[in-house]
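Asker: First, the structure itself, so that you have it in front of you.
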Amino acid sequence: MKLKFKCSKCGSEALEEILVDVVSVTEIIGMEEDCIWPLYGDQQSEGGHVERYQCSGCGLAIRDGDDLVIGDEDLYDWLKDHGMLGDSK
Ligand SMILES: [Zn+2]
């Protein structure tokens with residue numbers, strides 16, 4: 001399904017998920033020549049949970065009344081209720 005998110009505040013059409021308590025694991029594959037910076041390889045993240053969904057433009061959190069919308073199901077319902085889910089086009 002196509003996302004038709006539109007922020008009520010700034011009009012941005014980009015929606016983002018904010019994850020917290022994530023463990024990020026990055027492989028160090030070498031060091032830059034003549035300096036202190038590592039060269040990084042693959043990165044993986046583990047764990048974490050959704051703190052909120054928000055507009056990517058202005059950071060406005062997605063709320064249902066006063067409550068933050070949290071979780072896949074609630075987000076789906078919220079988008080559906082607000083007419084922001086379209087047919088696959
Ligand atoms: Zn916005």
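What follows draws every value from the coordinates through simple rules; no lab data is involved. Note that the coordinates shown come from a computational prediction; the quantities given were computed from them, not determined experimentally. Cβ coordinates were reconstructed from backbone atoms using ideal geometry, including for glycine residues, and neighbour counts include every protein chain displayed.
Asker: Collect residues whose amide H, placed 1.01 Å from N in the peptide plane, falls under 5 Å from the amide H of residue 15; neighbours closer than 5 in sequence don't count.
Answerer: The answer is 56.
Asker: Using Cβ-Cβ distances only, list the Cys residues of the chain with no partner cysteine under 4.7 Å, sorted by number.
Answerer: Cysteines of the chain left without a disulfide-compatible partner: 35.
Asker: How large is the charge dipole for the stretch 2-84, taken about the Cα centre, if only the Cβ atoms of Lys, Arg (+1) and Asp, Glu (-1) carry charge, to the nearest 20 debye?
Answerer: Values: 7 positive and 19 negative charges, 132 e Å.
The dipole of the stretch 2-84 has a size of about 640 debye.
Asker: Where does the chain land at 222 nm, in deg cm²/dmol rounded to the nearest 500, when only DSSP H runs of n ≥ 4 count, each adding -39500 (n - 2.57), divided by all residues?
Answerer: Helix-only estimate at 222 nm: -3500 deg cm²/dmol.
Asker: Using the basic label-point model (7 angstrom from Cα toward the beta carbon), what is the residue 31 to residue 80 distance in nanometres?
Answerer: 5.6 nm
Asker: Moving on. Please turn the phi angles of the stretch 49-59 into ³J(HN,Hα) values with the Karplus equation 6.51 cos²θ - 1.76 cosθ + 1.60 (θ = phi - 60°), one per residue in order, whole Hz, x for glycine and proline.
Answerer: After applying 6.51 cos²θ - 1.76 cosθ + 1.60, I find 9, 6, 8, 6, 10, 8, 5, 6, x, 10, x Hz.
Asker: For the stretch 61-71, take each phi angle, set θ = phi - 60°, evaluate the Karplus expression 6.51 cos²θ - 1.76 cosθ + 1.60, and give the result in whole Hz per residue in order, putting x for glycine and proline.
Answerer: Rounded to whole hertz, the list is 6, 7, 10, 10, x, 8, 8, 5, 7, 10, x.
Asker: Cut-off is 10 Å between beta-carbons; in what order do 67, 77, 34 appear when sorted fewest neighbours first? List each step's numbers first, then the result.
Answerer: Working: 67 8, 77 14, 34 5.
Lowest to highest Cβ neighbour count: 34, 67, 77.
Asker: Additional query: Tell me which of 70, 28, 60 sits at the most positive position along the dipole axis of the chain, charges placed on C-beta atoms (Lys, Arg +1; Asp, Glu -1).
Answerer: 60
Asker: In whole Hz, what ³J(HN,Hα) sequence does the stretch 41-48 give by Karplus (6.51, -1.76, 1.60; θ = phi - 60°), x for Gly and Pro?
Answerer: For the stretch 41-48, the Karplus-derived couplings read x, 5, 10, 10, 10, 10, x, x Hz, x marking Gly and Pro.
Asker: Near residue 81, within a Cβ-to-Cβ distance under 11 Å, what is the net charge of the other residues, with Lys and Arg +1 and Asp and Glu -1?
Answerer: Result for the local shell: -2.
Asker: Now for a different question. For a test of the definition: using alpha carbon positions, the gyration tensor, and the 1.5 limit on a/c, classify the chain as rounded, prolate or oblate.
Answerer: Since a/c reaches 1.5 and a/b is larger than b/c, the shape of the chain is classed as prolate.
Asker: Hey, another quick one. Residues with amide H under 5 Å of residue 52's amide H, sequence separation 5 or more or different chain, H placed in the peptide plane at 1.01 Å from N; which?
Answerer: 18
Asker: If you line up the long axis of helix 72-81 against the longest principal axis of the chain, both from Cα atoms, how many degrees apart are they, to the nearest 10?
Answerer: That helix lies at roughly 40 degrees to the long axis.
Asker: Tell me, 7, 58 in order of fewest to most beta-carbon neighbours within 10 Å?
Answerer: Final ranking by Cβ density, sparse to dense: 58, 7.
Asker: Still on this model: Could you work out the relative contact order of the stretch 2-84, using alpha carbon pairs under 8 angstrom and six or more residues apart, expressed as a whole percent?
Answerer: Values: 125 pairs, mean separation 25.3, N = 83.
Computed over the stretch 2-84, the figure is 31 percent.
Asker: Right, another one. If amide hydrogens are placed 1.01 Å from N in the peptide plane, which non-local residues have theirs closer than 5 Å to the one on residue 64?
Answerer: Correct list: 69.
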